[in-house]
Amino acid sequence: MPFSSNDLIWSLVVPLLAATGLRFVLSWVVSRFEAAPSIETSEEPSTSTIAPSALPLETAIPLIAAAAIGYFQLELGPLVPKAHYEWLPLGVLIAAVVATLVGFFQRYAVVRFGLLPLAYAGVVGGVGYMLMPTWDDLSPSYPVYLTCWCAGVWLLACTTEWAPDRGRWSFAIVWLGTCLAVAIVVALSESLRFAQIAGLTFSGSLGLVIGGMLMRRGLLGGLGLTLTTYLGGILLIAHVNSFSDVPLVSYWLPMMGPLLSVAFATLLPGKISGFARGTCVVLVAAIPSLVAITLAVLATMPE
């Protein structure tokens with residue numbers, strides 16, 4: 001059996017409960033001291049169950065705290081990093097802290113569309129530099145891989161934060177599905193340890209959704225930089241350290257889902273709303289992940 005009951009408890013149950021509890025507490029604190037305008041809801045009437053917007057403080061911080069519990073309890077990596085792939089926790093922590101600080105001032109347009117992309121670019125560039133190995137036989141080559149990875153993560157992080165639907169249930173399902181898809185692709189690359197690290201994003205994000213529903217706040221808002229850095233980083237690590245036949249495209253496609261969901265939601269006619277709108281967004285976003293998993297399964301099937 002690849003995973004023991006102890007693995008399941010500390011990689012699924014405990015992070016879920018920790019994220020839910022911490023999200024509940026921080027959301028309560030924010031709701032008392034922050035009268036933030038609702039920037040996560042669409043232009044529909046205020047009868048939506050998604051009320052105030054979620055700040056990174058109440059989503060990014062609980063996510064990394066929940067993931068850290070599972071990461072260190074299961075000894076998935078050292079406290080002091082040495083190898084390139086061991087720098088991911090520090091990179092995600094930096095992303096969460098920066099996102100939280102910027103998030104306090106996102107109501108101002110100059111911050112939202114000026115400072116935010118610049119700060120996110122600095123974080124993504126630094127994390128990419130920490131995680132990317134400089135091997136001579138790296139494929140694609142180091143400059144190409146680093147540039148493409150940073151550009152992709154930065155674009156998705158910013159787009160996620162600017163998405164008008166990012167507090168809705170459909171967006172939460174898209175990200176939960178993306179977390180699962182990433183974990184599956186990483187597992188197929190023959191690294192159960194990296195798959196466990198990826199799986200922590202699902203349990204933590206699910207806890208955030210539960211906490212957001214309890215507090216009637218945006219479900220997964222404020223996670224643009226933190227979650228894209230986490231998932232993009234683990235996909236990068238899994239690819240460069242894998243000796244499996246999983247194709248490169250399988251490591252890139254899952255992150256296309258959230259990007260497609262934002263683009264598709266923007267293009268949908270305004271008269272399509274509610275459940276129909278959310279369902280369309282989820283189905284479109286699922287296509288890249290399904291293709292990625294299918295290609296990975298086919299590539300790793302015994303001949």
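The values are calculated or read from the model by the stated rules, or taken from the named source; none is laboratory data. Given the structure is predicted, the values throughout are model-derived calculations rather than measurements. Here Cβ is always computed from backbone atoms with ideal geometry, including for glycine, and neighbour counts include all displayed protein chains. Areas reflect the complete protein model, heavy atoms only, side chains present, ligands, DNA and RNA absent. Shrake-Rupley method; radii C 1.70, N 1.55, O 1.52, S 1.80 Å.
Considering only Val80, Val25, Val209, give the residue with the highest GNM mean-square fluctuation for the chain, with springs between Cα atoms whenever their separation is below 10 Å. With Cα springs under 10 Å in the chain, the top fluctuation among Val80, Val25, Val209 is at Val80. Taking label positions 7 Å along the Cα-Cβ direction at both Ala121 and Leu155, the computed distance is 1.5 nm, reported to one decimal.
Here the gap between Ser5 and Val297, fully extended at 0.36 nm per residue and compared with their Cα-Cα distance, gives a gain of 102.5 nm.
Relative to the longest principal axis of the Cα atoms of the chain, helix 56-73 runs at roughly 30 degrees. With everything on Cα atoms, drop me the angle between helix 224-240 and the longest principal axis of the chain, reported from 0 to 90° to the nearest 10. Orientation of helix 224-240: about 10 degrees from the principal axis.
Sparsely packed loop sites in region 178-283 (the chymotrypsin sites (Phe, Trp or Tyr not before Pro) outside DSSP H, G, I, E and B with at most 14 other Cβ atoms within 10 Å) comprise Phe243.
GNM remark for the chain: springs join alpha carbons under 10 Å apart, and the peak mean-square fluctuation among Thr226, Thr147, Thr59 falls on Thr147.
Labels on offer are [x] 1.06; [y] 0.98; [z] 0.95, and the one holding Rg/Rh (Cα atoms, Kirkwood Rh) computed from this structure is [z].
Note on the chain: helix-only mean residue ellipticity at 222 nm, from DSSP H runs of 4+ residues weighted -39500 (n - 2.57) and normalised by residue number, equals -22000 deg cm²/dmol.
Each part reduced to its alpha carbon centroid, region 66-103 and region 160-238 end up 15 Å apart.
Quantify, in whole percent, the carbon and sulfur part of the accessible surface of the chain (1.4 Å probe; protein heavy atoms only).
On the way: 9850 of 13630 Å².
After summing per-atom areas, the C and S share lands at 72 percent.
Of all the options Val29, Val246, Val127, the one that moves most in a Gaussian network model of the chain with Cα springs shorter than 10 angstrom is Val29. Against the main long axis of the alpha-carbon atoms of the chain, helix 116-131 sits at an angle near 20°. Applying both filters, DSSP loop and at most 12 other Cβ atoms within 10 Å, to the chymotrypsin sites (Phe, Trp or Tyr not before Pro) of region 70-120 gives Phe105, Tyr108.
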